[in-house]
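Engineer: Before anything else, here's the structure in question.
The values are calculated or read from the model by the stated rules, or taken from the named source; none is laboratory data. Keep in mind that this is a model prediction, so the values were computed, not measured. Because the Cβ atoms are built from the backbone with ideal geometry, glycine has one as well, and the counts that use them run over all protein chains shown. These accessible areas exclude ligands, DNA and RNA; they are computed on the full protein's heavy atoms, side chains included. Shrake-Rupley method; radii C 1.70, N 1.55, O 1.52, S 1.80 Å.
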Amino acid sequence: MKTTIEDQNNSINYAPSRGIVLVVDDNPANLQVLSSFLDQSSFEVWAARSGEKALQRLENDDLPDLILLDVMMPGIDGFETCKQLKSNPRVQDIPVIFMTALSETADKIKGLQLGAVDYITKPFQQEEVLVRIENHLKLRKLTKSLIAKNAELELTQTQLIQAEKVAALGQITAGIAHEVNNPINFIAGNLNFVEQYVHEVVSLLHLYQKYLPDPPDEVQTAIQKSDLNFLLDDLSKIIQSMQVGTDRVTEIVSYLNNFSRHREAGKKLANLHEGLESTLLILGHRFKYNAHHPAIQLVKEYGNLPLIECFPGEINQVFMNLICNAIDAIEEKNKNKDIDTIYQNPGVIKITTEANGEQVILKVADNGLGINNNAKNTKIFDAFYTTKPVGKGTGLGLSIAYQIVVNNHHGKLTYDSKPGEGIEFIIELPIR
């Protein structure tokens, strides 16, 4: 058996075959069952009997590929354990699947909001658990591969011209959307059949209960052991939860496709708010709370904008560069401050849009470092000019944004800044 318990000092380490799964559960029987069938499925299994011991185990250099996490445990419960995992940059990308007897929708929502990728209620089917583990490991492998490819592209993009940089990022985004879209369409399409089949099976069971109210003792025992009423009730909730999940993924794919519209030839009529929202979705993780700073507050004051004729993919790239700069400025300002001090003056990014008949005006403002007086000149839009620390930026972002707005769309890109108080970038684009 490949299982490794954290308090066994002389355990034998085996080379992982299909991946390493950390099972966190205070119930020895659950640990044994999970470890046994995962081991038989060629997984290496680590086990921890509390959230504290799981977190201690993850301080080591070796890390698991996936975590199965119970909720109701002594000490810190599974929800708090997941929260701490997702606040640790070193382990936050490890998929977490909750396995718990808590079946209320509110608990499921809480678990998913904390960053878990899945939620399985007990009693569970081994085959179902195995399939879900395999799917999430495949998705993680795909994500790692895409991230690795993205890192390679970023290394070369510092010397690429503007069009190449925009195309590269768009291709990555489109690739992610494409890879996710196929399996999610398959799942969404089959959910309708699953719901129909389940309804028919439940109806059949109800007929049996109606016309055979006194089944043999063996059947009665099986019904009581499986808690049939609970299973029938929870099955409907699970299907509904899966439908909510697939709808959300479909929405995300739509946003990604919107962001990657660089492939469209010529100018198109575009909704700039959709472009902003797709960009904010992609950067959403950088706004969230982590171990180093509280969440960055996002303020949106959208006016009524008409559709404007533009290159949508290029405009999305401008949004990406400006919002990334704003986040970087806030993080740099708060780098050496303690959490309490940051809470007193939290990071804020404000996005404002309006139209005046001839042009649309978009503003992206932050309360970061701002620009020093000796840097407040047109050099801010020069290629490779940057005020960021070494290794933090290439100096291409604002230069590319300026070329897209001014050269490609005959608009204006200006800014207003006070050192130590932040900066506001103003984009003016003609409606036609």
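Engineer: Between Cys324 and Val198, what FRET efficiency follows from the Cβ-Cβ distance if R0 is 51 Å, with the result rounded to 0.05?
Structural biologist: Values: r = 45 Å, r/R0 = 0.89.
Efficiency computed from Cβ-Cβ geometry: 0.65.
Engineer: Work out, step by step, the length gained on full extension between Asn304 and Arg248: first 0.36 nm times the residue separation, then minus their alpha carbon distance; give nm to one decimal.
Structural biologist: Length difference between fully extended and current span is 17.6 nm.
Engineer: While we're here: Determine the sum of side-chain charges near Asp93: Lys and Arg each +1, Asp and Glu each -1, restricted to other residues whose C-beta is under 11 angstrom from that of Asp93. Intermediate values should be presented prior to the final figure.
Structural biologist: Working: positive: Lys86, Arg90, Arg140, Lys144; negative: Asp65.
It works out to a net charge of +3.
Engineer: Same structure, new question: What whole-number value in Å² describes the accessible area per residue of the range 286-329 for a 1.4 Å probe?
Structural biologist: Per residue, the range 286-329 has 42 Å² of solvent-accessible surface.
Engineer: Here's another thing I want to ask about it. Through the Karplus equation 6.51 cos²θ - 1.76 cosθ + 1.60, θ set to phi - 60°, convert the phi angles of the range 418-423 into ³J(HN,Hα) values in whole Hz; use x for Gly and Pro.
Structural biologist: For the range 418-423, the Karplus curve yields 10, x, x, 10, x, 9 Hz.
Engineer: Under 13 Å from the Cβ of Ile223, count the other residues' Cβ atoms, weight Lys and Arg +1, Asp and Glu -1, and hand me the total.
Structural biologist: Once positives and negatives cancel, what remains is -3.
Engineer: Here's another thing I want to ask about it. Among Leu58, Met72, Gln40, whose Cα lies farthest out toward the positive end of the dipole of the range 32-123, if unit charges sit on the beta carbon of Lys, Arg (+1) and Asp, Glu (-1)?
Structural biologist: Farthest along the dipole direction, towards plus: Met72.
Engineer: Another question, then. Would you mind putting 352-363, 72-83 in packing order, based on average other-beta-carbon counts within 10 Å, highest first? Could you put the intermediate results ahead of the total?
Structural biologist: Values: 352-363: 15.9, 72-83: 18.2.
Those peptides, ordered most packed to least, come out 72-83, 352-363.
Engineer: Please list, or write none, the aspartates and glutamates whose alpha carbon is within less than 13 Å of the alpha carbon of Lys225, excluding same-chain residues fewer than 8 places away.
Structural biologist: Within the straight-line cut-off, Lys225 pairs with Asp217.
Engineer: Which aspartates and glutamates have a Cα less than 17 Å from the Cα of Lys300, not counting those fewer than 8 places away in the same chain?
Structural biologist: Glu274, Glu277, Glu354, Asp366, Glu424
Engineer: Can you give me the % of accessible surface on the range 26-133 that is carbon or sulfur? Probe 1.4 Å, all protein chains present, nothing else counted. Present the calculation step by step, with values, prior to reporting the outcome.
Structural biologist: Values: 2280 of 4750 Å².
In the range 26-133, the share of accessible area belonging to carbon and sulfur is 48 percent.
Engineer: So if R0 is 35 Å, what FRET efficiency would Ile109 and Glu421 give, r being the distance between their Cβ atoms, rounded to the nearest 0.05?
Structural biologist: After rounding to 0.05, the efficiency reads 0.35.
Engineer: For the residue pair Lys237 and Asn190, what label-to-label distance in nm results when each label sits 7 Å from Cα along the Cα-to-beta-carbon direction?
Structural biologist: Simple spin-label model gives 2.4 nm for this pair.
Engineer: Still on this structure, please answer the following. Rolling a 1.4 Å sphere over the protein heavy atoms, what is the accessible area per residue of the range 100-144, to the nearest Å²?
Structural biologist: That works out to 57 Å² for each residue.
Engineer: Taking Rh as the Kirkwood radius computed over C-alpha pairs, what is the Stokes-Einstein D of the range 30-137 at 25 °C in a medium of viscosity 0.890 mPa s, expressed in µm² per second? Before the final figure, lay out each step's value.
Structural biologist: Numbers: Rh = 14.1 Å.
Estimated diffusion coefficient is 174 µm²/s.
Engineer: Please compute the length gained on full extension between Ser87 and Thr414, using 0.36 nm multiplied by the number of residues separating them and subtracting their Cα-Cα distance.
Structural biologist: 114.1 nm
Engineer: Using modelled amide H (1.01 Å from N, peptide plane; none on Pro or chain starts), what sits under 5 Å from the amide H of Ile76, excluding residues fewer than 5 places away?
Structural biologist: Close amide H contacts, sequence-distant or interchain: Gly51, Glu52.
Engineer: Once each part is reduced to its C-alpha centroid, what is the distance from the range 404-432 to the range 112-150 in angstrom?
Structural biologist: A separation of 42 Å, based on Cα centres.
Engineer: Here are some pairs, Lys337/Lys418; Lys53/Lys83; Lys335/Lys418; Lys53/Lys144; which of them have Cα atoms lying more than 22 Å apart in this structure?
Structural biologist: Lys53/Lys144
Engineer: Now a separate question. So who's got an amide H within less than 5 Å of the one on Ile120, skipping anything under 5 residues away but keeping other chains? H placed 1.01 Å off N, in plane.
Structural biologist: Those lying under 5 Å, H to H, from Ile120 are Phe98, Met99, Thr100.
Engineer: So, one more: Tell me the label-point distance for the pair Asn356, Asn407, using the 7 Å Cα-to-Cβ offset, in nm and rounded to one decimal.
Structural biologist: 2.7
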